[in-house]
Amino acid sequence: MLEAGRRVKFFNALALVQQLQHDKQQLLLQSRLKKLDRFELLVLDDFGYVQKSEAETSVLFELIAHRYERKSLLITANQPFSQWDSIFPDSMMTVAAVDRLVHHAVIFEIKAKSYRQQAATTRSKS
């Protein structure tokens with residue numbers, strides 16, 4: 001998308017969630033979500049490392065719900081959807097988040113060693 005001149009923003013998921021939490025405390029969450037609408041695609045990396053606290057997952061869900069059918073999200077996670085109860089505090093929120101994410105999704109499941117692990121293995125053999 002970058003090469004096509006589209007606006008894309010990359011975030012570490014935990015860092016973005018912490019920013020959204022702060023914005024919510026300052027009553028600025030809706031304003032932040034609208035600012036993020038400038039980007040056609042948000043990339044959320046390391047999604048599985050978001051804490052399972054009510055405050056963090058509620059703003060994460062609000063982001064997902066806000067962008068649903070409006071703008072794109074690309075999420076990287078190191079666990080399948082079946083394990084997302086470890087991210088969201090209750091199964092109803094997990095189902096609702098996954099439902100919105102997969103509705104129009106293209107899902108890539110990569111079953112391979114991490115490139116970091118491969119690099120470490122290569123270095124240790126040298």
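The values are calculated or read from the model by the stated rules, or taken from the named source; none is laboratory data. Bear in mind the structure is a predicted one, so any value in this text is a computation, not a measurement. Cβ: placed from backbone, ideal geometry, glycine included. Neighbour counts: every protein chain shown. Keep in mind that these areas ignore ligands, DNA and RNA; they rest on the heavy atoms of the full protein, side chains included. Shrake-Rupley method; radii C 1.70, N 1.55, O 1.52, S 1.80 Å.
Taking Cα atoms, how many degrees apart are the long axis of helix 54-67 and the longest axis of the chain, rounded to 10 and kept between 0 and 90? Once rounded, one gets 80 degrees. Would you look at the GNM of the chain, springs on alpha carbons closer than 10 Å, and say which of Lys113, Lys35, Lys24 moves the most? Looking only at Lys113, Lys35, Lys24, the biggest GNM fluctuation is shown by Lys113. With 0.36 nm allotted per residue and the present C-alpha distance subtracted, the Arg7-Gln30 stretch has 6.3 nm of extension available. Using 29 Å as the Cα-Cα cut-off, could you pick out the over-long pairs in Lys9/Lys111; Lys9/Lys113; Lys9/Lys125; Lys24/Lys71; Lys35/Lys113? From Lys9/Lys111; Lys9/Lys113; Lys9/Lys125; Lys24/Lys71; Lys35/Lys113, over 29 Å: Lys9/Lys125; Lys35/Lys113.
Extents of the stretch 6-69, taken as max minus min of Cα coordinates on every principal axis and listed largest first, are 33, 26, 19 Å.
Label-to-label distance for Thr121 and His22 is 3.9 nm, based on points extended 7 Å past Cα in the beta-carbon direction. Students often get this wrong: which residues of the stretch 31-72 have the backbone nitrogen under 12 Å from the point 7 angstrom along Cα-to-C-beta of Asp90? Label zone hits: 54.
In the chain, the DSSP-assigned H stretches of four residues or longer account for a calculated mean residue ellipticity at 222 nm of -14000 deg cm²/dmol, using -39500 (n - 2.57) per stretch and the full residue count as denominator. Neighbours of Ser31 by Cβ distance under 12 Å: Lys/Arg scored +1, Asp/Glu scored -1, total +2. Using R0 = 25 Å, the C-beta based FRET efficiency linking Tyr49 and His103 works out to 0.55. What the Cα convex hull of the chain gives, in volume per residue, is 134 Å³. The residues of the chain have, on average, 68 Å² of accessible surface per residue, using a 1.4 Å probe with all protein chains present. For the chain, the share of accessible area belonging to carbon and sulfur comes to 53 percent (1.4 Å probe, ligands and nucleic acids excluded). Neighbours of Leu44, meaning other residues whose beta-carbon lies under 14 angstrom from its beta-carbon, give a summed charge of 0 when Lys and Arg score +1 and Asp and Glu score -1.
Between Leu20, Leu33, Leu73, the Gaussian network model of the chain with springs among Cα atoms under 10 angstrom shows the greatest mean-square fluctuation at Leu33.
Comparing Leu60, Leu74, Leu27 in a Gaussian network model of the chain where C-alpha atoms under 10 Å apart are linked, the largest mean-square fluctuation is found at Leu27.
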